[in-house]
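**Student:** What follows is a single structure, and I will ask about it in a moment.
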Amino acid sequence: MPKFSYSAINKSGKTVSGSVDLADRQAVADSLIKQGLRPVTIKAGAEKTSFNDKFKSFGAKVKLKDLVIFSRQMSTMVSAGVPLTRALATMQMQTTNKYFQGIIANITHDVEGGMALGDAFAKYPKVFSEIYVNMIKAGEAGGILDDILKRLATQVEQDSSMRKKIKGAMTYPIVILGVTVIAFFGITMFVLPKIGAIITDLGGPDAKLPIYTKIMLDTSAFMQKRGGFIFIGGFIVMYFLLRYIKTPKGKFVFHTILLKLPILKDIIIKIAVARFARTFASLMTAGVTVLDALEVTGGAVGNKVIQKELEEAAREVKNGKQLSEPLSRSKNFPAIVSQMLAIGEETGETDTILIKVADFYEEEVSTVIDSLASIIEPLMIIVLGAGVGLIAASVMGPIASLSKNIGG
């Protein structure tokens, strides 16, 4: 969006100047007139690199915790009647995140220039999601911005809590798996060759060894010869696989595979349903139409397969059907969701019922993750112990046997 500098005369007859990011000169003039200013000059200037772009290379980001605090405090100030620009300036001073401070400063400048808050947020998609922006716009249009900010804070908190649960449950298994893989490659490439030489010295090249010992020594020999190629090949394959997954087609295929994995499927569906229910309810409460709410919510569920189902449901809703009808035929949405939605449509309390559905499934996700964590931890220890035991048996058994033969 181009930047325009302007000079204008206020009601007191004084000349004021500034700059705004708006579509064209007419939009700038309309914005100034709404503020009680009489435009004198409006000049197009070179578009400056945004604060967000300047910091991309540094990997700066806004944490969910910062966004929750921002939403809650903004809601409190707006409810208390604090002017929007003053509330933003206060938040800029209070946040400890330097990157976020710069973004809030830019937003404040845009709002002072006549831009709507939702449009100012939309300039920073990495910080304010599409859902966040659309809900802010709906809140501005309906005059319920304070209530919308409260809902957004609750929603961001729920997302943050769920991510922490999943991250916490996965940290231990990933660390154990990583240590196991590193230890395996280290032993096969550096330890086993030396032990193999010891075994050969004790029993000679024709010594009879257990089958599992032969497999371990053959694996070690192969890794010594081809280990470098395996590592390089593995990195290349992983690089192109990750690139493919980032494409629309690759992401859809990846999400389809995830929905076929036994335990993971259950968790993914419950997370998607919880996000759908809470987001859709919030948008409906904000006065967003069903079709617009479905379009925005589809991108929030986190799975392209389920998003496609919601897009198909939106087409049926456009043709006059209730949302509960296409969802009742869904392959992924549990039957209880469509049943509860149908009740909400009949009673006119869709948003209230969907909030209850979201609470239920978020609790279910929490329970499942806690259960998995309690099962995975001992299971990983058993697997790691079994691997160490197999290596020890493969190495120490033949050495002990050959030592006895030599001693006899």
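**Student:** What residue, of ARG72, ARG25, ARG86, is over 22 Å from SER129 (Cα atoms), at pLDDT 85 or above and not hydrophobic (A, V, I, L, M, F, W, C)?
**Tutor:** On the way: ARG72 fails: over 22 Å from SER129 (Cα atoms); ARG25 fails: at pLDDT 85 or above.
After ruling out the rest, the residue left standing is ARG86.
**Student:** Which of (1) among the small types (Gly, Ala, Ser); (2) without any contact (Cβ under 8 Å) to a residue 12 or more places away in the chain; (3) under 23 Å from SER324 (Cβ atoms) is the odd one out, the single condition ALA342 does not satisfy?
**Tutor:** Status for ALA342: all satisfied but (2).
**Student:** Could you list all residues from the stretch 300-314 that are outside any helix (DSSP H, G or I), out of contact with any His (no Cβ under 6 Å at 6 or more places or on another chain) and surrounded by 15 or more Cβ atoms within 10 Å (Cβ to Cβ)?
**Tutor:** Taking the stretch 300-314 and keeping what is outside any helix (DSSP H, G or I), we get 300-303.
If we keep only those that are out of contact with any His (no Cβ under 6 Å at 6 or more places or on another chain) too, we end up with 300-302.
Once the filter is applied, which keeps residues that are outside any helix (DSSP H, G or I), out of contact with any His (no Cβ under 6 Å at 6 or more places or on another chain) and surrounded by 15 or more Cβ atoms within 10 Å (Cβ to Cβ), the stretch 300-314 yields ALA300, VAL301.
**Student:** Sticking with this one: Could you tell me whether any residue of the stretch 131-140 is touching a Lys or Arg at 6+ places or on another chain (Cβ under 8 Å) and over 21 Å from ALA286 (Cβ atoms)? So that I can check it myself, show each step before the final result.
**Tutor:** Kept after step one, since they are touching a Lys or Arg at 6+ places or on another chain (Cβ under 8 Å), are these residues of the stretch 131-140: 135.
If we keep only those that are over 21 Å from ALA286 (Cβ atoms) too, we end up with none.
Scanning the stretch 131-140, I find no residue that is touching a Lys or Arg at 6+ places or on another chain (Cβ under 8 Å) and over 21 Å from ALA286 (Cβ atoms), so the answer is no.
**Student:** Among the listed residues GLY59, GLY13, which satisfies the condition of being assigned by TED's automatic domain parsing to the domain that holds MET115, modelled with pLDDT under 75 and not β-branched (Val, Ile, Thr)? First the steps, then the outcome.
**Tutor:** Details: GLY13 fails: assigned by TED's automatic domain parsing to the domain that holds MET115.
Matching residue, one of GLY59, GLY13: GLY59.
**Student:** Tell me, yes or no, whether the stretch 70-81 has at least one residue that is among the basic types (Lys, Arg), farther than 27 Å from ALA8 by Cα, not assigned by TED's automatic domain parsing to the domain that holds GLY18 and not in a loop (DSSP other than H, G, I, E, B). Lay out the reasoning, then the answer.
**Tutor:** We begin by selecting, within the stretch 70-81, every residue among the basic types (Lys, Arg); these are 72.
Going one step further and asking which of them are farther than 27 Å from ALA8 by Cα, we end up with 72.
Filter once more, so that each one left must be not assigned by TED's automatic domain parsing to the domain that holds GLY18: 72.
Narrowing further to those that are not in a loop (DSSP other than H, G, I, E, B): 72.
There is at least one residue in the stretch 70-81 that is among the basic types (Lys, Arg), farther than 27 Å from ALA8 by Cα, not assigned by TED's automatic domain parsing to the domain that holds GLY18 and not in a loop (DSSP other than H, G, I, E, B).
**Student:** A further question follows. Are there helices (runs of 4 or more DSSP H) fully within the stretch 106-219 with at least 3 residues that are β-branched (Val, Ile, Thr) and in contact (Cβ under 8 Å) with a residue 12 or more places away in the chain? List them. So that I can check it myself, show each step before the final result.
**Tutor:** Working: elements: 117-122, 130-142, 145-186, 192-203.
It comes to 130-142, 145-186, 192-203.
The values are calculated or read from the model by the stated rules, or taken from the named source; none is laboratory data. Treat the numbers as computed from the prediction; the structure is a model and nothing was measured. FYI the Cβ positions are ideal-geometry reconstructions off the backbone, even for glycines, and counts take in every protein chain you see.
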